[in-house]
Amino acid sequence: MSAVTATQTVAAPEPRAARTASRPGLGVAIRVEFSKLIAQLPLRVLLVFCVIVPVVFAIGMRVSGIRPSDTLFGRWAGTSGFATSLFILDWTAAWGVAVGAGLIAGDIFASEDRLGTWKTLLTRSASRTQLFLGKAIAATIGVWLCWALIGVVSIGAGLAVIGGEPLIGLSGQLIEPGHALGLLAASWAIGLLPATAFAALGVLFSVASRSTVVGVVGPLLVAIVLQGLENIASGTIVRSIMLFTPFDVYHVLFTAPVHAGAVAQAVVTSLVYTAIFAAASWWLLRRREFAGADAVPANRRRTFVQIGVTVVVIGGVLAGVGKVGPTPLTADNLATSVNTTFSNLVQVNYLWHNGRPADTTTPWSTICSVGTITPTANKGSGAGEGWSCLITDTRTTDGISPIQVDLEVRANGCYTVQAPPAAVGALHGTDPKGRSYLNPLYAFDGCLGTP
Amino acid sequence: MPEDLALETRALTKRFGELIAVNALDLAIAPGSVHGLLGRNGAGKTTLMRMILGLLSPDAGAIELFGRSATPGDVDARARVAGFVEEPRFYPYLSGRRNLELLARLDGRADTRSPEEALELVDLDSRGREKVGNFSTGMRQRLGLAAALLRPAELVVLDEPTIGLDPANARTVRTLIGALSSRGVAVLLSSHNMSEIAEICDRVTIIHEGSRVWEGDQAELLAAAPAPSYRVWTSDDDQASAIARRLEVAVETPRRAATHTITVQGDEGERDGFVLALAQEGIAIRRLEPDVPPLEALFTSLTSPRDADQPAQNTDTTEEIAA
């Protein structure tokens, strides 16, 4: 086009009376940011992974005899499709969310610094508030999308590849497929709340550091610290404020009875973290000066150090006080839970072995202790591997000899029981049709219902 | 009642730690004028433009846009302002057209120009579907101009808009700026290209170390500029050079070409005297051309370190323009 043409085609400004200042709606800002997000490779790759990983895992469980029995529901991941999905939920909560929040939310603000496009954005009519909300909400939607996709695909893949067998709950109860599906959907839905908090954390890293590297790695660093704390902090106070605790709350849905209070607390914790991270991000962005690329590196280095020190200090403090205050991991609570779980699993084992429910219920009583067990009273508290429980048939006649089981109790209120094969039978049993099944009493998991 | 100024800054100041980037700067731009901003690197031009566009908060002073106070976060006050500072940046993973589409959406108004129109204005319509990551510097520069032209702004702020452009595209941009001005759009333009500023700007402000050291229109520029110097080629350069030295109009300059030896500087009378002296000695002038354009001479004299303390020559242009 020639210069002359350019002159001719520049339109005259409209009459002043017709001009009004206008702003885009928040919806526009969200759509613009999401359009940018979805056009980038990381989110596309992440979405592909969200589809592929559950399918590959389900197929792996189907064709392989190895079971990840060190994880809740892992030992049933090759037996029930619901357990397959729950195992993936556990893994996604532990690491997947941190990776997703880093790749999506951790980059959504920092990428503007990396590309030098803040000045392009901020010279349009959208306010900083709109741009902030647009980016934060788009990032959250991205994280939700990944979470929902991996949830739906894991349920679908689990049911299609493994099958819809009833699920063994965390109190040893047998959960019928319809009910299990509902609980599974609720578990994935509840996970959206802490996932939102992680997205907000990614946003905070992104805004504060102005660095894609810090934004992406930051949430993962926090997840590693939280995983460490997850194994240490058994005190109610610290657990109630830990960002990771809400991810564990789905456990209560699979215990009997359900402790709804834990769900409410998880909701509050997630919302408080989301609000704190979002408010801090907004405060930082609002007061930021866009002075040009030359002013950024010094701030970035300083911020990187500040963030690292903050994470380490907070993690150290939480680790130090992790066992302070009351804990639900008491011998009394454990004995009650183990007794219920064992009792239920005896019924399940009978059903699977005989093809029909037991006519009578054996009355059991359990005593638990850390270290040497005393048959008279519960003793001890806290997480660890040194727990033993003595499970006794309380019938006065025809009673079974007491069974001593070893427990590993985790700080999140769940435990794994290893029972002696001499007392509960071999790893595999046989049903009336001669088919092999996994003996639910051989080793089992349970939760107190208070994450 | 006088029309509102498109832009007025009063005692605008910005500090970065100890550095005063912009120091109590007054600036006024009338609608439809093209205002050039000159200064050495680091003089404060871009910082000033960033404050006008709302990217930086002033530490003191005020910005008014079309008679309305424009505080840093006030996007409504800047609804009639467009432009860019430094090299325009876009999303490299999107096409030029898609970049403009998204930016237009963020303007949130119905009267934006379509991306196709904007691309056509800067001669990028045939490359609009390519990813910006593949664009050359010049293409990104033109895309920046297209982004500024998306909305019908009445003040366009352009930071070195022709840098990186080939002569033909630079000409297109200059023509565009002229067209905007002729339709009542005020343009604030920074450039290191003196001839460009002299060609398209109605008024010029020279900034040195954050302060305005000169402001005026083209006529005032010619009046304020130091006596112009000329390069002279004659039939006898050695004798002509001796005459120039005798008349004290010779300027010592490094030898730039084998055929050129003389540079003279003086007012009109001194130059006439030199030419007549050459004629009396039978020396023919074969070629004569300005050595330093007036604007460059003025710029150099005002912004060279030895003149850093020189006060601004005209201090209240705001009232002058408003009147």
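Values quoted throughout were computed directly from the atomic coordinates according to the rules given, and no laboratory measurement underlies them. It should be emphasised that the depicted structure is a prediction, and the values quoted were computed from it without experimental measurement. Note: ideal-geometry Cβ built from the backbone for every residue, glycine included; neighbour counts use all protein chains shown.
Across B:Leu48, B:Leu295, B:Leu56, mean-square fluctuation computed from a Gaussian network of chain B (C-alpha pairs under 10 Å connected) peaks at B:Leu56.
Cross-link reach is defined here as a Cα-Cα straight distance under 26 Å, omitting same-chain residues fewer than 8 places apart; for B:Lys131 the lysines meeting it are A:Lys36, A:Lys119, A:Lys135. Here the protein assembly as shown carries DSSP beta bridges of which approximately 75% are antiparallel, counting only pairs with both residues inside. In terms of its C-alpha gyration tensor, the protein assembly as shown comes out prolate, because a/c is 1.5 or above and the ratio a/b outweighs b/c.
Annotation: amide H of B:Asp291 within the under-5 Å range of B:Ser229, B:Tyr230, B:Arg231, sequence separation 5 or more or interchain, hydrogens built in the peptide plane.
Using a Förster distance of 35 Å, how high is the FRET efficiency between A:Trp144 and A:Thr310, based on the Cβ-Cβ distance and rounded to 0.05? Efficiency computed from Cβ-Cβ geometry: 0.85. Using just its DSSP H runs of length 4 or more, each adding -39500 (n - 2.57), chain A gives a mean residue ellipticity at 222 nm of -18500 deg cm²/dmol after division by all residues.
Rounded to the nearest 500, the 222 nm mean residue ellipticity of chain B from helices alone is -10000 deg cm²/dmol, with -39,500 (n - 2.57) taken per DSSP H run of at least 4 residues. Rounded to 0.05, the FRET efficiency of the B:Ala110 and B:Thr71 pair, given R0 = 35 Å and the Cβ-Cβ distance, is 0.85. Model label sites at A:Thr336 and A:Ala186, defined 7 Å from Cα along the beta-carbon direction, differ in position by 2.0 nm.
Put a plus charge on the Cβ of each Lys and Arg, a minus charge on the Cβ of each Asp and Glu, and nothing anywhere else: the dipole of chain A about its Cα centre is then about 1960 debye.
Label-to-label distance, A:Val45 versus B:Ala227, with points set 7 angstrom from Cα along the beta-carbon direction: 6.9 nm. Working from Cα positions, state the angle (0 to 90°, nearest 10) between the long axis of helix B:237-246 and the longest principal axis of chain B. That helix lies at roughly 90 degrees to the long axis. Compared with the alpha-carbon gap, the fully stretched path from B:Phe16 to B:Arg129 is longer by 36.6 nm at 0.36 nm per residue. Counting only alpha carbon atoms, the long axis of helix A:128-157 and the longest principal axis of chain A meet at about 40°.
At a Cβ-Cβ separation cutoff of 4.7 angstrom, cysteine residues of chain A with no neighbouring cysteine are A:Cys50, A:Cys146.
Measuring between their Cα centroids, segment B:1-76 and segment A:51-101 lie 59 Å from each other. Label-to-label distance for A:Glu385 and A:Ala280 is 3.5 nm, based on points extended 7 Å past Cα in the beta-carbon direction. Given the options B:Ser57, B:Ser69, B:Ser136, which has the most mean-square fluctuation in a GNM of chain B, springs set between C-alpha atoms less than 10 angstrom apart? Among B:Ser57, B:Ser69, B:Ser136, the largest GNM mean-square fluctuation belongs to B:Ser136. Taken as Cα centroids, segment A:166-225 and segment B:147-184 sit 50 Å apart, rounded to the nearest whole angstrom. From least to most packed, judged by other beta carbons within 10 angstrom and beginning with the fewest, A:Phe244, A:Phe109, A:Phe205 follow the order A:Phe244, A:Phe109, A:Phe205. How would you classify segment B:8-103 from its alpha-carbon gyration tensor, with a ≥ b ≥ c the square roots of the eigenvalues: rounded for a/c under 1.5, else prolate if a/b is greater than b/c, otherwise oblate? It comes out prolate by the Cα gyration axes. Of the residues B:Ala250, B:Ala60, B:Ala118, the one that moves most in a GNM of chain B with alpha-carbon contacts below 10 Å is B:Ala250.
Computed FRET efficiency, Cβ-Cβ of B:Asp59 and B:Asp272, R0 41 Å: what is it to the nearest 0.05? After rounding to 0.05, the efficiency reads 0.20. The stretch between A:Ala256 and A:Ser69, if pulled fully straight at 0.36 nm per residue, gains 65.2 nm over its current Cα-Cα span. The radius of gyration of the Cα set in segment A:23-320, together with its Dmax, comes out at 20.2, 63 angstrom. Counting only alpha carbon atoms, the long axis of helix A:41-63 and the longest principal axis of chain A meet at about 20°. For segment B:130-269, a/c is not less than 1.5, where a ≥ b ≥ c are the root eigenvalues of the C-alpha gyration tensor, and a/b tops b/c. That puts it in the prolate class.
Taking 15 Å as the straight-line reach from the Cα of A:Lys379, the aspartates and glutamates in range (excluding those fewer than 8 positions away in the same chain) are A:Asp332, A:Asp406.
Restricting the calculation to Cα atoms, segment A:331-447 yields a radius of gyration followed by a Dmax of 14.4, 44 Å.
With one equal scatterer per alpha carbon and no solvent term, the Debye-computed log10 I(q)/I(0) for chain B at 0.07, 0.10, 0.13 1/Å reads -0.35, -0.66, -0.97.
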